[in-house]
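Only the coordinates and a few stated rules stand behind these numbers; no lab work does. Here the structure is a predicted model, which is why all the values come from computation and not from measurement. Backbone-built Cβ (ideal geometry, glycine too); neighbour counts: all protein chains shown.
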Amino acid sequence: MKIYTKTGDKGHTSFYDGTRALKCVINFDVVGEVDELSSRIGMLCALVSDEDICIILRGIQATLQDINSHIATVDKLKYSLPKLESSIVTNLETAIDAMEKVNPKLTKFILPGVMQTDAQAHLCRTQTRKVERRIIELYDSHENMVPDIVLQYVNRLSDFFFVLARWLCAVKNVSEYFA
């Protein structure tokens, strides 16, 4: 099977359920932003030596794929989409709470980029915020495209990456930069 189909050569593409639309509709923008976030997470995983953190990061990537399947499906009754359970949020909260036990008290604004790993975690955080803004825009215009749990998840996910960036510095005993 060839990777190129030529069906998008005039600016249209298909949702998961076969519905055709312009490539510039917000759904595809969100899918692209989520894909970029997943790529940034992959880079972070490649940089991090902690296997437990990589397992968490790969789980986040899998959840993002599930979220994208919801966003890229117009006729949700036609397909069996992955169920997005509340545990995806509580798992992030558990990880955040565990890392915060190691992190020093936050007293100033942080400047990202002490090491490659914390810099990449901050890039994941900022990309997550971008994803969140686009998902909220999609939710506001097409509520049925985005399950409520997704809004909670992406909000918590940016917190996770902020805390992770700090934790990566703390476990290496590297001082963060402050404004």
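An ellipsoid equivalent to the range 85-133, defined through the eigenvalues of its Cα gyration tensor, has semi-axes of 21, 17, 10 Å when rounded to whole angstrom and sorted largest first. When CYS124, CYS24, CYS54 are sorted by how many other C-beta atoms sit within 10 angstrom of their C-beta, beginning with the fewest, the order is CYS24, CYS54, CYS124.
Largest GNM mean-square fluctuation among LEU106, LEU22, LEU47, using the chain with Cα springs under 10 Å: LEU106.
To test your reading of the geometry: what angle, between 0 and 90 degrees and rounded to tens, separates the Cα axis of helix 148-171 from the longest principal axis of the chain? Helix 148-171 sits roughly 30 degrees off the main axis of the chain.
Ranked by how many other Cβ atoms sit within 10 Å of their own Cβ, fewest first, the residues THR63, THR94 fall in the order THR94, THR63.
Over 29 Å apart at the Cα level, from the set LYS83/LYS172; LYS2/LYS23; LYS23/LYS83; LYS83/LYS108, are LYS83/LYS172; LYS83/LYS108. Computed from backbone phi with θ = phi - 60° and the Karplus coefficients 6.51, -1.76 and 1.60, the 3J(HN,Hα) list for the range 64-71 is 4, 5, 4, 4, 4, 5, 5, 6 Hz; x is used for glycine and proline.
Can you classify the range 49-113 as rounded, prolate or oblate using the Cα gyration tensor, where a ≥ b ≥ c are the square roots of its eigenvalues, rounded means a/c under 1.5, and otherwise it's prolate if a/b beats b/c and oblate if not? Here the range 49-113 falls in the prolate category. Against the chain, whose longest principal axis is taken from its Cα atoms, helix 87-100 shows a tilt of about 20°. What angle do you read, to the nearest 10 degrees and between 0 and 90, between the alpha-carbon axis of helix 116-141 and the longest principal axis of the chain? The helix 116-141 is inclined about 40 degrees to the chain. A simple packing score, the average count of other Cβ atoms within 10 Å per residue, orders the peptides 74-83, 3-12 as 74-83, 3-12, with the highest score first.
Cβ crowding within 10 Å ranks HIS122, HIS142 as HIS142, HIS122, fewest other Cβ atoms first. Shape descriptor for the range 65-155: Rg over Rh equals 1.05 (Cα atoms; Rh from the Kirkwood inverse mean 1/r).
The alpha carbon radius of gyration of the chain, expressed as a multiple of 2.2 N^0.38 Å, is 1.13.
Would you work out if the range 4-97 is rounded, prolate or oblate? Take a ≥ b ≥ c from the square roots of the eigenvalues of the alpha-carbon gyration tensor; rounded if a/c is under 1.5, else prolate when a/b is larger than b/c, oblate otherwise. Since a/c reaches 1.5 but b/c is at least a/b, the shape of the range 4-97 is classed as oblate. Distance from the alpha carbon centroid of the range 140-179 to that of the range 87-109 works out to 10 angstrom.
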